[in-house]
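See structure below.
The values are calculated or read from the model by the stated rules, or taken from the named source; none is laboratory data. Everything numeric here is computed off the predicted structure, so don't read it as measured data. Glycine also receives a Cβ, built like all others from the backbone with ideal geometry; neighbour counts cover every protein chain displayed.
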Amino acid sequence: MSSSTLVDSVTSWLVEQAFGEPDATELFEGMCKRIFTIGIPIGRAMVNWTTLHPLFQVESVIWEKGREISFEQFAFRTPEEGISPAWESSPLKAMLDSGADIMRRALDGPNKLVDFPILEEFVERGFTDYLVFSIDLAIPGTKTEHFRGGIIISFCCTRPGGFSDAEIAALQRISDRFALSGKVMIQSRISRTIAETYLGHRAGPRVLGGQIHRGDGETIPSIILYSDLRNSTAMAERMARSDYIDLLNAYFDCVAATIEAEGGDILNFIGDAVIAIFPLDVFQTENEAAEAASRAVEAGFAKLAELNEMRLAEGGPELDYGLGLTRGNVMFGNIGTASRLSFSVIGPIVNQVARVQSMTKVFGVPALAVRKVADHAPQYWTRLGEHTLRGFSEPVELFAWAGAAPQRARQVAAEAAAMCEDLAPAKKPRKLKVEADADFLADRSDGPAVRKRST
């Protein structure tokens, strides 16, 4: 079998992958193993590409013979942060800055040239040649000030004397075909990232999976969590826009990051409010779901305490927020007009959780839950008794947060519980009706649309 036919076997395989949904590591590992199998002596190969991601700027896969393949992501850097020292001293940066599409360095023999720190490491490891190809790809949003949009593929040779001219031509041809499948892979990853970033980990895959028509959706038994930032209107009025956005993001880090860490899913950011669910189908038991939600509350308050300590040291105001937790069936799906949809959560239980959260301001406690949540995580909650929520005819039994939290939460919750017990007869709890402050659903009609909260 000729060398050309062997190379064709690799390029044909790469083209076939473009018709599916190639995984980054599987695609690159498959290519490298096939290159080695046809007799080209590569001992290490790397591919990296620029991406569109809120956290990462570059993604990379490294293959080494006899080692487990690795996938890495490199954090997004702002213009103020500049480029990293590692990238500054990289041969890849030098190649891109020069505008070249190919770079080669002999690592042994009479033409040896070791002019970058990483090449010194390659020499010590016994590699004899270093070859790089840069292939531009037209993918919107991936070109930056320091990176051309596209992929860079490098190969290290293990044979004395390095790659032959024929092997270099073969590797360039293979790299071009890899770029075809690589573009499909990169665009697929970006699509999933954007969908999950803006729609959430549950809604994103469903939209990509075809649930894009008005009315598409499902009913999900869940623990629902609603969070609202205190005094947001006053802070927005007196703070610079950029400072207020930084404040909001710091608050969301306290609430939302801890929810996701415990298996919850953020459904919506509505102004300074957060709606999230802990779907019961994600957890083994309802106890696990309630405990996960309660741990998220506790972790969020711990982060808030740290944040406030730092803000006070810097002369800034403390932040505070309230949380409500209920349990029920949420309707999760597409609502809107035929051409402009929102994948959102609706239903009476969503109204209820907003009302429960509003009651935290009445009782002066950081979080409240209904019995269906508190009974499954009793160590975190203290009973307050039955209370009528605005817009609901039947009273709801509420439980105050009893875990660790800023601002004397345990003491305040105990005082609230004592107040409610004093108001109750010996046998039958009194229904203490309290009109909570209006929230983002206060004047919502019974229709499916959800109005944005103004603060």
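Quick notes
- Selection of region 156-175 for residues being surrounded by fewer than 23 Cβ atoms within 10 Å (Cβ to Cβ) and assigned to a loop (DSSP other than H, G, I, E, B) yields T158, R159, P160, G161, S164.
- The number of residues in region 236-257 that are in contact (Cβ under 8 Å) with a residue 24 or more places away in the chain and surrounded by fewer than 19 Cβ atoms within 10 Å (Cβ to Cβ) comes to 5.
- Of the residues making up region 270-300, those that are at pLDDT 95 or above, over 20 Å from the mean Cα position of the chain (by Cα) and among the hydrophobic types (A, V, I, L, M, F, W, C) are A289, A290.
- For the residues A240, A179, A236, the requirement of being among the hydrophobic types (A, V, I, L, M, F, W, C) and in contact with a helix residue (DSSP H, G or I) (Cβ under 6 Å, 6 or more places away or on another chain) singles out A236.
- Matching residues, region 31-45, being crowded, with 19+ Cβ neighbours inside 10 Å and either of a type in the set (D, E, K, R) or out of contact with any Lys or Arg (no Cβ under 7 Å at 6 or more places or on another chain) (or both): M31, C32, I35, I40, I42, R44, A45
- Matching option when the condition is in contact with a helix residue (DSSP H, G or I) (Cβ under 7 Å, 6 or more places away or on another chain) and of a type in the set (D, E), among E306, E314, E318, E288: E318
- If you go through region 30-49 and pick out every residue that is in a helix (DSSP H, G or I) and either in contact with a His (Cβ under 8 Å, 6 or more places away or on another chain) or among the basic types (K, R) (or both), you end up with 2.
- Looking at region 50-147, the strands (runs of 3 or more DSSP E) lying wholly inside it that each contain 2 or more residues that are in contact with a strand residue (DSSP E or B) (Cβ under 8 Å, 6 or more places away or on another chain) and at pLDDT below 95 sit at 56-64, 70-75, 129-136.
- Within this structure, S358 fails the test of being in contact (Cβ under 8 Å) with a residue 12 or more places away in the chain and either within 24 Å of A203 (Cβ to Cβ) or in contact with a helix residue (DSSP H, G or I) (Cβ under 6 Å, 6 or more places away or on another chain) (or both).
- Restricting region 176-223 to residues that are among the polar types (S, T, N, Q) and surrounded by fewer than 20 Cβ atoms within 10 Å (Cβ to Cβ), the residue that is farthest from the chain's Cα centre (by Cα): T219
- Among the residues making up region 1-29, those that are free of Cβ contacts under 8 Å to residues at least 40 places away in the same chain and not in a loop (DSSP other than H, G, I, E, B) are S4, T5, L6, D8, S9, S12, W13, E16, E26.
- Residue identified as in contact (Cβ under 8 Å) with a residue 24 or more places away in the chain and touching a Leu at 6+ places or on another chain (Cβ under 9 Å) among E286, E291, E260: E286
- Test result for F116, surrounded by 12 or more Cβ atoms within 10 Å (Cβ to Cβ), over 25 Å from A179 (Cα atoms) and touching a helix residue (DSSP H, G or I) at 6+ places or on another chain (Cβ under 8 Å): yes
- Selection from region 58-78 of residues that are closer than 20 Å to I153 by Cβ and within 14 Å of the chain's Cα centre (by Cα): Q73
- Strands (runs of 3 or more DSSP E) lying entirely in region 214-302 (those with 1 or more residues that are farther than 23 Å from N329 by Cβ and touching a strand residue (DSSP E or B) at 6+ places or on another chain (Cβ under 9 Å)): 217-229
- Filtering region 354-376 to residues that are in a loop (DSSP other than H, G, I, E, B) and more than 27 Å from the chain's Cα centre (by Cα) leaves G364, V365, D375, H376.
- Selection of region 274-321 for residues being of a type in the set (G, A, S), crowded, with 23+ Cβ neighbours inside 10 Å and farther than 13 Å from A250 by Cα yields A276, A289, A290, A293, S294, A296.
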